[in-house]
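Enquirer: Okay, handing you the structure first.
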Amino acid sequence: MLTNITNISPEEAEETIQTVTGFFSNLNLQKIITIVLLFVGCLVVMKVVLKLTDRAFQRLEMEKSLHTFIHAALRVILWLITLCIVLDYVGVPMTSLVAVLSVVGLAVSLAIQGTLSNLAGGIQVLVSKPFKAGDFVEAGGVSGTVKEVGLAYTKLSTIDNKVISVPNGQISTEKIINYSTAEQRRVDLKFDASYDNNTDQVIAVIKGVVGAHPKALFTPEPFVRVSAYKDSSIEYSIRVWCATDDYWDLYYDLLDQIKKAFDQAGIEIPYNHLNVHVIQEK
């Protein structure tokens, strides 16, 4: 296909040169005015089309980055159309012009194919809107708060205050987890207690800690139940709902407070032991 496009015969090239040369040799005031009017008319149409497009985007409340990209791309397309109209009047064959533009476009696309992949991913992210600035997400193998959604890269601010720019091409092909979309989140914890401790007592102690925490929600009702019988301990699962902004405060508070409550109630949390037997040879 590329060979067919680039195979412009010498006869066609010579004919094009002669046509352009003949046009300029016979150039007069009427032709100059016509070219100027064509150019000015195309510019007026271009401005009208761009204004109408901008108004449509504002009504659709489109993301600013996507709006800017489409506006710039549309402007380039309109300039190319203007160039084709003027050159067609001059007498340049459109087949030759299209062939040259095709070769240039193919060469540019091959040179920046990685960037084009990121641009395509950015458009997909901006259109589908899986997250917005301020959301805490896991995307492209990185977890952090979204600072900016650009066309080529999305900037994430990590918990340790690093700003990571993730290529949108990578984000669009992997799963995206948004932790900020819903107003509420559920804290899931598991604790182990000894078989020597009464299960009702352990559950009551955990419920007491959960019930006393101001950031724990009681609709839905907190869940505290035995979830597994292990080799040396009984496992208890805890599920407590809270506001999304309070998730980590509640998570770490429960870890700390339940352990202290276990200590006060004499509830043992078993841990692995290693028994070493030394045998002396007689």
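The values are calculated or read from the model by the stated rules, or taken from the named source; none is laboratory data. For clarity, every value in this text was computed on a predicted model and none was experimentally measured. Glycine gets a Cβ as well: all are built from the backbone with ideal geometry, and neighbour counts include every protein chain shown.
Enquirer: Just checking, which of G134, G144 is closer than 17 Å to T181 by Cβ, of a type in the set (G, A, S) and in a strand (DSSP E or B)?
Expert: G144
Enquirer: Still on this structure, I have one more. Could you say which residue among I238, I234 is touching a Leu at 6+ places or on another chain (Cβ under 6 Å), touching a residue at least 24 places away in the same chain (Cβ under 8 Å), aliphatic (A, V, I, L, M) and closer than 29 Å to D196 by Cβ?
Expert: After applying the criteria, what remains is I238.
Enquirer: Take E174 and tell me if it is modelled with pLDDT of 75 or more, out of contact with any Leu (no Cβ under 7 Å at 6 or more places or on another chain) and assigned to a strand (DSSP E or B).
Expert: no
Enquirer: Oh, and also: Applying the selection to the stretch 206-244, what residues are farther than 30 Å from N272 by Cα and of a type in the set (S, T, N, Q)?
Expert: T219, T244 - these are the residues of the stretch 206-244 that are farther than 30 Å from N272 by Cα and of a type in the set (S, T, N, Q).
Enquirer: Got a sec? Which of D192, D200, D231, D246 is within 23 Å of S180 (Cβ to Cβ) and not hydroxyl-bearing (S, T, Y)?
Expert: Just one listed residue meets the conditions, D246.
Enquirer: If you check every pair at least six apart or on different chains, which have Cβ atoms under 8 Å apart with a residue in the stretch 171-182 that is over 18 Å from D246 (Cα atoms) first and a residue that is hydroxyl-bearing (S, T, Y) and in a strand (DSSP E or B) second?
Expert: I171/T154
Enquirer: Go over the candidates V149, V137, V166 one by one and state the one that is touching a Leu at 6+ places or on another chain (Cβ under 8 Å) and under 20 Å from H71 (Cβ atoms).
Expert: When all the criteria are applied, what remains is V149.
Rundown of residues vs (1) under 30 Å from R239 (Cβ atoms); (2) surrounded by 15 or more Cβ atoms within 10 Å (Cβ to Cβ); (3) modelled with pLDDT of 90 or more, yes/no style:
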site	(1), (2), (3)
G114	no, no, no
N118	no, yes, no
G121	no, yes, no
L126	no, yes, no
G140	yes, yes, no
E148	no, no, no
T154	no, yes, no
G169	no, yes, no
Y179	yes, yes, no
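Enquirer: Could you give me the residue pairs with C-beta distances under 8 Å whose first residue belongs to the stretch 37-54 and is surrounded by 10 or more Cβ atoms within 10 Å (Cβ to Cβ), whose second residue is part of a helix (DSSP H, G or I) and of a type in the set (S, T, Y) wherever it lies, and which are 6+ apart or on separate chains?
Expert: L38/Y89; F39/T82; C42/T82; L43/T82; M46/T82
Enquirer: Step by step: first the residues of the stretch 260-282, then only those that are touching a strand residue (DSSP E or B) at 6+ places or on another chain (Cβ under 8 Å) and not hydrophobic (A, V, I, L, M, F, W, C), then the one that is modelled with the highest pLDDT. Which residue is that?
Expert: Checking each candidate, the answer is E268.
Enquirer: Within the stretch 237-252, is even one residue at pLDDT 90 or above, over 37 Å from the mean Cα position of the chain (by Cα) and surrounded by fewer than 18 Cβ atoms within 10 Å (Cβ to Cβ)?
Expert: No, the stretch 237-252 has no match at all.
Enquirer: Now for a different question. Give the stretch 228-282 a look and list any residue that's within 22 Å of V187 (Cα to Cα) and of a type in the set (V, I, T), or say none.
Expert: I234, I238, V240, T244, I258, I269
Enquirer: Considering only the stretch 196-214, I want to know if a residue exists there that is in contact with a Lys or Arg (Cβ under 6 Å, 6 or more places away or on another chain) and of a type in the set (A, V, I, L, M, F, W, C).
Expert: No - not one qualifying residue is present in the stretch 196-214.
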